[in-house]
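Asker: Have a look at this one.
The values are calculated or read from the model by the stated rules, or taken from the named source; none is laboratory data. Predicted model, so just to flag it, every value in this text is computed and none were measured. So basically every Cβ, Gly included, is an ideal-geometry build from the backbone, and we count neighbours across all protein chains shown.
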Amino acid sequence: MALELTGKVALITGAASGIGRETARLFARQGAHIVAADRNLAPTEEIAAEIRKTGRNALALQVEISDEAQVQAMVERAVREMGGIDILVAAAAVPFANYGEGKGNRWLLVEQPLEDWRRVMTINLDGTFLTDRHVARAMIDADKGGRIINIASGAAIVASVRGGAYSVSKAGVWMLTKTLALELARYNITANAIAPGFIETPMTEHIRGHEPTATAVLNTIPMRRFGKPYDIAATALFLASEEGAYYTGQLMHPNGGVLIP
Ligand SMILES: NC(=O)c1ccc[n+]([C@@H]2O[C@H](COP(=O)([O-])OP(=O)(O)OC[C@H]3O[C@@H](n4cnc5c(N)ncnc54)[C@H](O)[C@@H]3O)[C@@H](O)[C@H]2O)c1
């Protein structure tokens with residue numbers, strides 16, 4: 001079977017929702033055992049239970065990715081209970097500081113409080129750095145190679161008004177990915193990033209759920225549709241599979257043509 005992950009263990013952060021959840025489902029269908037991690041435990045347990053019903057192992061873990069002790073504990077449990085980590089998909093991130101708490105401001109940079117800026121950087125950039133490096137250490141110790149896939153964004157390379165902190169954090173994730181690709185190649189660990197366009201997840205609800213914004217954004221997408229979480233999960237699957245073995249340090253653009261760099 002092409003694009004199969006039989007017997008591999010995949011750790012997926014942000015697995016409670018959207019792209020991370022769909023990636024967990026798709027990887028399990030392709031034969032992987034799943035460690036689903038997220039700061040929201042209840043929906044993470046739901047996806048793990050759904051996967052277990054299909055006959056794969058699945059472990060649900062609560063993690064705040066900006067807290068190094070929690071990230072380390074997540075990796076230790078994954079290694080102890082699942083026997084190692086072959087694949088990481090780091091999808092957990094926030095578009096603005098208080099995302100998920102029912103409030104949040106998209107600031108102009110000249111007005112943004114430092115605390116708010118730092119919160120976005122701490123989760124998106126520090127959190128991805130911590131996740132990547134603890135998983136990479138476990139992969140190096142196991143000496144079986146591995147795949148690191150960071151979910152960046154088109155915002156990593158295109159600026160937007162009131163999206164500065166998110167864009168800068170995702171540009172950081174992209175450079176983090178390139179640096180890891182260089183440093184980890186000798187261990188047969190690849191590191192790649194994905195730059196989704198506008199995808200149908202809670203993160204774009206404020207766009208898709210509001211006219212005339214939804215139509216205005218759709219008109220900027222040459223394929224005239226928002227992406228599905230599956231479009232991103234399928235890109236991650238390619239990078240995680242044997243077929244993607246020779247890719248490292250690359251940024252993939254599943255985006256319907258909205259950004260053609
Ligand atoms: N949806 C899009 O259009 C789009 C576009 C480009 C990039 N992305 C990126 O895709 C990834 C997945 O986003 P999504 O669209 O599925 O959004 P989502 O909100 O559906 O999922 C994000 C998940 O990350 C979790 N999370 C957030 N902060 C966390 C933290 N500090 N610790 C642990 N878990 C945390 C949330 O609880 C949530 O389950 C993100 O990195 C996002 O930046 C999304």
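Asker: Could you please find all residues in region 61-86 being hydrophobic (A, V, I, L, M, F, W, C), in contact (Cβ under 8 Å) with a residue 40 or more places away in the chain and within 30 Å of ASN98 (Cα to Cα)? Before you say what the answer is, go through the steps one by one.
Answerer: Within region 61-86, the first condition is being hydrophobic (A, V, I, L, M, F, W, C), and the residues that meet it are 61, 63, 65, 69, 71, 73-75, 78-79, 82, 85.
Those still in the list that are in contact (Cβ under 8 Å) with a residue 40 or more places away in the chain too: 63, 65, 71, 74-75, 78-79, 82, 85.
VAL63, ILE65, VAL71, MET74, VAL75, ALA78 - these are the residues of region 61-86 that are hydrophobic (A, V, I, L, M, F, W, C), in contact (Cβ under 8 Å) with a residue 40 or more places away in the chain and within 30 Å of ASN98 (Cα to Cα).
Asker: Taking only region 146-162 into account, find how many residues are surrounded by 19 or more Cβ atoms within 10 Å (Cβ to Cβ) and either over 27 Å from ASN188 (Cβ atoms) or within 12 Å of the ligand (Cβ to nearest atom) (or both).
Answerer: Adding up the residues that qualify gives 8.
Asker: So is THR179 away from the ligand (no atom under 13 Å from the Cβ), more than 27 Å from GLN62 (Cβ to Cβ) and surrounded by 15 or more Cβ atoms within 10 Å (Cβ to Cβ) or not?
Answerer: Criteria not met by THR179.
Asker: Considering region 220-252 alone, what residues qualify as being assigned to a loop (DSSP other than H, G, I, E, B) and aliphatic (A, V, I, L, M)?
Answerer: Those that are assigned to a loop (DSSP other than H, G, I, E, B) and aliphatic (A, V, I, L, M): ILE221, MET223, ALA245.
Asker: Just wondering, is there one or more residues in region 89-108 that are within 15 Å of the ligand (Cβ to nearest atom) and outside any loop (DSSP other than H, G, I, E, B)?
Answerer: yes
Asker: Now for a different question. When region 53-107 is examined, which residues are found to be crowded, with 18+ Cβ neighbours inside 10 Å, more than 19 Å from ILE19 (Cα to Cα) and touching a Leu at 6+ places or on another chain (Cβ under 7 Å)?
Answerer: Result: VAL71, MET74, ALA78, MET82, ILE85.
Asker: Using beta carbons and a limit of 6 Å, which pairs, at least six apart or on different chains, have the first residue in region 1-26 and on the phi > 0 side of the Ramachandran plot and surrounded by fewer than 24 Cβ atoms within 10 Å (Cβ to Cβ) and the second one modelled with pLDDT of 95 or more and of a type in the set (A, V, I, L, M, F, W, C)?
Answerer: Going by the 6 Å Cβ cut-off, the qualifying pairs are LEU3/LEU237.
Asker: Quick one: is VAL173 touching a Leu at 6+ places or on another chain (Cβ under 9 Å) and in a helix (DSSP H, G or I)?
Answerer: yes
Conditions (1) near the ligand (Cβ under 10 Å from one of its atoms); (2) in a loop (DSSP other than H, G, I, E, B); (3) of a type outside the set (Ser, Thr, Tyr), marked per residue:
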{"residue": "GLY7", "(1), (2), (3)": "no, yes, yes"}
{"residue": "LEU11", "(1), (2), (3)": "no, no, yes"}
{"residue": "ALA15", "(1), (2), (3)": "yes, yes, yes"}
{"residue": "THR23", "(1), (2), (3)": "yes, no, no"}
{"residue": "GLY31", "(1), (2), (3)": "no, yes, yes"}
{"residue": "ILE34", "(1), (2), (3)": "no, no, yes"}
{"residue": "ALA37", "(1), (2), (3)": "yes, no, yes"}
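Asker: Report whether or not GLU205 is over 16 Å from the mean Cα position of the chain (by Cα), of a type in the set (D, E, K, R) and modelled with pLDDT under 95.
Answerer: Spelling it out, GLU205 is indeed over 16 Å from the mean Cα position of the chain (by Cα), of a type in the set (D, E, K, R) and modelled with pLDDT under 95.
Asker: Next question, about the same structure. The conditions are (1) modelled with pLDDT of 95 or more; (2) touching an Asp or Glu at 6+ places or on another chain (Cβ under 8 Å); (3) crowded, with 16+ Cβ neighbours inside 10 Å, and ARG119 fails exactly one of them. Which is it?
Answerer: (2)
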